[in-house]
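The values are calculated or read from the model by the stated rules, or taken from the named source; none is laboratory data. Everything numeric here is computed off the predicted structure, so don't read it as measured data. Here the Cβ positions follow ideal geometry from the backbone for every residue, glycine too, while neighbour counts run over all protein chains shown. Please note that ligands, DNA and RNA were not included when accessible areas were found on the heavy atoms of the full protein model with its side chains. Shrake-Rupley method; radii C 1.70, N 1.55, O 1.52, S 1.80 Å.
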Amino acid sequence: MTLASTTFSDFHRQSLQNPDAFWAEQAKLIDWQTPPQQICDYSNPPFAHWFRGGTTNLCHNAVDRHLKDRANQPALIYVSSETGIEKTYTFAELHTEVQRMAAILLELGVQQGDRVLIYMPMIAEAAFAMLACTRIGAIHSVVFGGFASVSLASRIEDATPKLIISADAGSRSGKVVPYKPLLDEAIALSSHKPEAVLMVDRGLTAFASVAGRDHGYAALREKHLQASVPCVWLDATAISYTIYTSGTTGQPKGVQRDTGGYAVALAASMVHIFEGKPGETYFSTSDIGWVVGHSYIIYGPLIAGMASIMYEGLPTREMDGSANAGIWWRLVEKYKVTRMFSAPTAVRVLKKQDPAYLKQYDLSSLQGLYLAGEPLDEPTAKWISEALGVPIIDNYWQTETGWPLLTVANGVEKMPSKFGSPGIPMYGYNVKLLHETTGEELTEPNQKGVVVLEGPTPPGFMQTVWRDDARFVNTYWKSVPGKLVYSTFDWGIKDADGYYFILGRTDDVINVAGHRLGTREIEESISSHPNVAEVAVVGVADALKGQVAMAFVIARDTSALQDEAARLKLEGEIMKLVDGQLGAVARPARVRFVSLLPKTRSGKLLRRAIQAVCEGRDTGDLTTMEDPQALQQIRDLMA
Ligand code: PRX
């Protein structure tokens, strides 16, 4: 298929009508040790197996493959405004570091298929660790460094890692955030115990080591300076990693991804969506703990032969610790970034600063800013578009999809973006809008429905829920009566031109500053406070963060609520509890006390009604509500 002569609509049609031919072509974008024998095996829906019989390796495609043409070009550019460290690793140097890390993993007993849990701040060693895992066929499971002991414990329990890689501490706005005590507590809480813990000591804070279990990275690296560890050729369907994400229950799901399909999907997206060229620089401001960090800090740009900037710190702080909301733009100028990826929240933070910060730098290298993770509001999009003068490209996807589902593919055909819309369905995705209860397809423009996908899902999409095929099928594929379709759990509408607009989640997931959180997990944490009888957590619209969590609590002992000071004390205790168990990202913005919570007669919390009241919207049909008084209390509190 020659791109020059292809319209996007043809491209998309071919991807759905003849997926084998389409993806066989895309598969040429990566290196295979053995070419795939079968492109798509969809003999057991909804499980799609891509590129069966092919063998490849993600680390090979991200690193080794480029040694021939660009060994001495930058691969990983590490910048930390927290520690003042700035260091560039060429492809050759990255290759060396990844082999050292891989040798350490082997020495610590990690074998193909073993899980390695990575609980690390944004340091270069975290990238080495991920690449070292995929190099030897170990399955990495990166847990966001902002999560605390209880969140971490449930992930350790589920992933059952042989090894955990961590560091002494993270740092936020110059404040050291120790990781090791949280990790030790998480291991104590989990019934699974890792055989070994590998600690990267950044020298930020002292930490205690457990003899026989904990190992220092620096000494082991020294031992393996000359390491030569070849890539293991893996079946295309071999698991590359799991990443946990929140849903309706309190138990996070391990989103499981393959090897070959993921490599092809990312390589294709770098060409068709991000238009990144080898030798150029990509800058994603996300974190390796999130899917964007996996796909577009580590694997995507490197597979494309681009240098990738990995940035630790706030967008408003310079390398010397001084305030400067221009650091990202200074990095764009310095490293001649061509493609940048961030989240609307980050842009809203910058928008509050003096626009002069943006004007100080030569941004002529920049060709596109891609924003994802939460709805992009029009004022934010307009502001950044005018300030940068480059296309602002909204893209909608999920941890589950691995790469954009709705956006525009300017690498295939230049198409206009529409404010407020992430765009149109990407190649490989058969997107439909269905009526919430009847499951009927909505074909008229501007009807609100649930955004779903018909199988087979494209390469790069999650394979299943780690160790739980039944949960994968029941959670994602059985939510619409009588139809086997994948639910995104997002509301959407489609306009007459085929552009989609995302209207928020249909489930209890909230999105705080682009971070996806489950309200059930927050509720479970709050419930562990001795004075909490019942709790409801909802996401409420926030001008800066998109949404914030708001908790409504029924206290056991109401004498603890007699005056404002007492209420503030209990609110503070609850916030601290969530901080310690789940991490500050999950901390509710407010805790309010009520004597009743709105529920249906069968006892189901009416979170949507609470949310509507908090946002001053119409609550819709409340005929199923047990006691109308409950909502009135919340209305009074919010007034
Ligand atoms: O609700 C949608 C919202 O974020 C959810 C997925 O979050 P996560 O799994 O963390 O993956 C983020 C990958 C970018 C979606 O179900 N969301 C994501 N992107 C957008 C969005 N909502 C509106 N517009 C977007 N561009």
Just name one of Thr464, Ser527, Val537: the one whose Cα is farthest towards the positive end of the charge dipole of the stretch 418-574 (beta-carbon charges, Lys/Arg +1, Asp/Glu -1). Thr464
Go through 235-242, 224-231, 59-66 and give me the packing order, highest mean Cβ count within 10 Å leading. 59-66, 235-242, 224-231
What relative contact order, as a whole-number percentage, does the stretch 278-336 give when Cα pairs under 8 Å and 6 or more residues apart are counted? 31
In the stretch 347-448, which trypsin sites (Lys or Arg not before Pro) are in a loop and have at most 11 other Cβ atoms within 10 Å, using DSSP for the loop call? Lys352, Lys414
So which of Lys478/Lys604; Lys418/Lys448; Lys87/Lys382 end up more than 28 Å apart by C-alpha? Lys87/Lys382
Using alpha-carbon positions, the gyration tensor of the stretch 410-469 gives root eigenvalues a ≥ b ≥ c; with a/c under 1.5 called rounded, otherwise prolate if a/b exceeds b/c, else oblate, the class is oblate
Charge dipole magnitude, Cβ of K and R +1, D and E -1 - the chain, Cα centre, debye nearest 20: 360
For the stretch 301-413, what does the relative contact order come out to in percent, with C-alpha contacts under 8 Å and a separation of six or more? 20
From largest accessible area down, sort Glu374, Glu93; use a 1.4 Å probe on the protein chains. Glu93, Glu374
So which GluC sites (Glu not before Pro) in the stretch 271-329 end up in coil per DSSP with only 16 or fewer other C-beta atoms within 10 Å? Glu318
Carbon-plus-sulfur fraction of the accessible area of the chain, 1.4 Å probe, in percent? 51
Virtual spin-label span in nm between Thr619 and Thr443, 7 Å along Cα→Cβ: 3.9
Find the centroid of the Cα atoms in the stretch 223-245 and in the stretch 378-435, then give the distance between the two in whole Å. 32
The local net charge around Gln633, scoring Lys/Arg +1 and Asp/Glu -1 for residues other than Gln633 whose Cβ lies under 15 Å from its Cβ, equals +1
Residues with amide H under 5 Å of Ala238's amide H, sequence separation 5 or more or different chain, H placed in the peptide plane at 1.01 Å from N; which? Thr259, Gly260
With a 1.4 Å probe and all protein chains left in place, how much accessible area per residue does the chain have, in Å²? 37
Partner aspartates and glutamates whose C-alpha sits under 13 Å from that of Lys494, ignoring same-chain residues fewer than 8 away, are Glu441, Glu444
Remind me, relative contact order of the chain in percent, using alpha carbon pairs under 8 angstrom and six or more residues apart? 12
Cα gyration tensor, the chain - rounded (a/c under 1.5), prolate or oblate: rounded
Sum of side-chain charges, Pro121 neighbourhood, beta-carbon under 10 Å (Lys, Arg +1; Asp, Glu -1): -3
Environment charge of Thr316, counting only residues whose C-beta is closer than 13 Å and scoring Lys/Arg +1, Asp/Glu -1: +3
Keeping all protein chains in the complex and leaving out DNA, RNA and ligands, what accessible area do you get for Trp290 with a 1.4 Å probe, in Å² to the nearest 10? 40
Just the number, please: percent antiparallel of the DSSP beta bridges in the chain, rounded to the nearest 5. 60
Accessible area of Arg617, 1.4 Å probe, to the nearest 10 Å²? 120
From the helices alone, meaning DSSP H stretches of at least four residues, give me the mean residue ellipticity at 222 nm for the chain, per-run term -39500 (n - 2.57), in deg cm²/dmol to the nearest 500. -8000 deg cm²/dmol
Any number yet on Rg/Rh for the stretch 203-311, C-alpha, Kirkwood? 1.04
I'd like the accessible area for His215: 1.4 Å probe, protein heavy atoms, all chains in place, Å² to the nearest 10. 60
Among the lysines, which have Cα under 27 Å from the Cα of Lys162 when same-chain residues fewer than 8 positions away are ignored? Lys180, Lys193, Lys223, Lys253
Which aspartates and glutamates does Lys359 reach when only Cα atoms under 19 Å apart count, and residues fewer than 8 places away in its own chain are ignored? Glu318, Glu333, Glu386
What shape does the stretch 540-623 have by the C-alpha gyration tensor, where a ≥ b ≥ c are the square roots of the eigenvalues, rounded means a/c under 1.5, and otherwise prolate means a/b greater than b/c and oblate the rest? oblate
